[in-house]
Amino acid sequence: MTRTELKIDAGVATLSWVPRVLVLALAVALMASGARAESTAGAPSSQNTIKSQALGVPPVKNLLIMIRTTLIALSQANLTNNYSVLRDLGAPSFQEANSVARLSAAFADLRSRGGDIAPVVLALPTLSTPARIDQNGMLRLTGAFDTRPNQIAFDLAFQAVDGFWRLNGIAVNFRPAPATASDQTPTGDKSRAEDTNERHAPKKTSKTRKPPAN
């Protein structure tokens, strides 16, 4: 499978992680066309890093569950404009930083665009970088679902809390899916192909039946 790179492009959009002094940034970031919410967790601590290293990067099947359940929670929140469940899935610092109202405001642009996140239930994501624990002790999962007509790009951060990975940051956006070979076939070539098929098709011959003899 070809790796799908998650590019940050001001024209197309938009996922970014913006660090601040003594603040672990992040929850939702849409640079050119969106909004932002941030957790208020302090600077990375050695204790947090130790907890993260103890948990380690989960197996692939667990990563898939984490990505899908998080995005489905966001999908349902967008449909109902009720972000309480998504907030409750987060780490304590994420909950403290983001009220339900703040999350609703942060995802207002994504809701208005009307994209459908639900296809992630059946699709498989492609990570643009391997799952990793970053310098802040956060498990980072970055990639995209190759859905149509738009891909669903995501950047997720999870914090180690009481032996579990809890959501600490989320950025999601829709981006145009790359054209496939069939999409790039010129209309003229299709017409010529159809004309060629017609010329080479076997001609039908009509048979005249003789009337039965009396």
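Just need a number here: residues in region 104-122 that are surrounded by fewer than 16 Cβ atoms within 10 Å (Cβ to Cβ), among the hydroxyl-bearing types (Ser, Thr, Tyr) and in contact (Cβ under 8 Å) with a residue 12 or more places away in the chain.
Residues meeting the conditions: 0.
For GLU198, which of the numbered conditions (1) modelled with pLDDT of 95 or more; (2) in a helix (DSSP H, G or I) fails to hold?
(1)
Run down ALA101, ALA91 and say which single residue is modelled with pLDDT of 95 or more and surrounded by 20 or more Cβ atoms within 10 Å (Cβ to Cβ). Full working, then the answer.
Details: ALA101 fails: surrounded by 20 or more Cβ atoms within 10 Å (Cβ to Cβ).
Going through ALA101, ALA91 in turn, just one is modelled with pLDDT of 95 or more and surrounded by 20 or more Cβ atoms within 10 Å (Cβ to Cβ): ALA91.
So which residues in region 70-127 are closer than 19 Å to PRO176 by Cβ and assigned to a strand (DSSP E or B)?
Those that are closer than 19 Å to PRO176 by Cβ and assigned to a strand (DSSP E or B): PRO125, THR126.
The values are calculated or read from the model by the stated rules, or taken from the named source; none is laboratory data. All figures in this text were calculated on a predicted structure; none of them were measured in a lab. Don't worry about glycine lacking a Cβ; one is built from the backbone with ideal geometry, like all the others, and counts go over all protein chains shown.
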